[in-house]
Amino acid sequence: MNKFLLIILCLLLPPVAVVCNRGLGKDFFISFVLTLFFFIPGIIHAFYSTMEVARRRRRR
């Protein structure tokens with residue numbers, strides 16, 4: 001997925017960005033709960049989660 005689109009999704013809908021990048025797993029539920037209760041930590045977790053996957057893909 002385009003990196004720019006992922007950043008926009010991280011800002012607007014953090015759980016959707018995590019699902020697009022990592023799938024429906026524990027990271028999605030963490031992002032969903034953080035976004036539901038506290039929006040800013042949800043955004044931070046989504047950025048970290050999506051950028052970590054991108055960094056791991058570049059190493060290979």
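The values are calculated or read from the model by the stated rules, or taken from the named source; none is laboratory data. The shown structure was predicted, so the numbers you read here are calculated from the model rather than taken from an experiment. Positions of Cβ are generated from backbone atoms using ideal geometry, with glycine treated the same way; all protein chains shown enter the neighbour counts. To get the accessible areas, we keep the full protein, side chains included, count just its heavy atoms, and leave off ligands, DNA and RNA. Shrake-Rupley method; radii C 1.70, N 1.55, O 1.52, S 1.80 Å.
Residue pairs whose Cβ atoms lie under 6 Å apart, sitting 6 or more positions apart in sequence or on different chains, and linking a residue in the stretch 1-26 that is over 17 Å from Phe39 (Cβ atoms) to a partner that is modelled with pLDDT under 95 and open to solvent by 80 Å² or more (accessible area, probe 1.4 Å), are Cys20/Met1.
The set of residues from the stretch 1-40 being among the polar types (S, T, N, Q) and open to solvent by 70 Å² or more (accessible area, probe 1.4 Å) comprises just one member, Asn2. In the stretch 36-60, the residues that are over 17 Å from Leu12 (Cβ atoms) reach residues that are exposed (fewer than 13 other Cβ atoms within 10 Å of the Cβ) with C-beta atoms within less than 9 angstrom, at least six apart or across chains, in these pairs: Ala54/Lys3.
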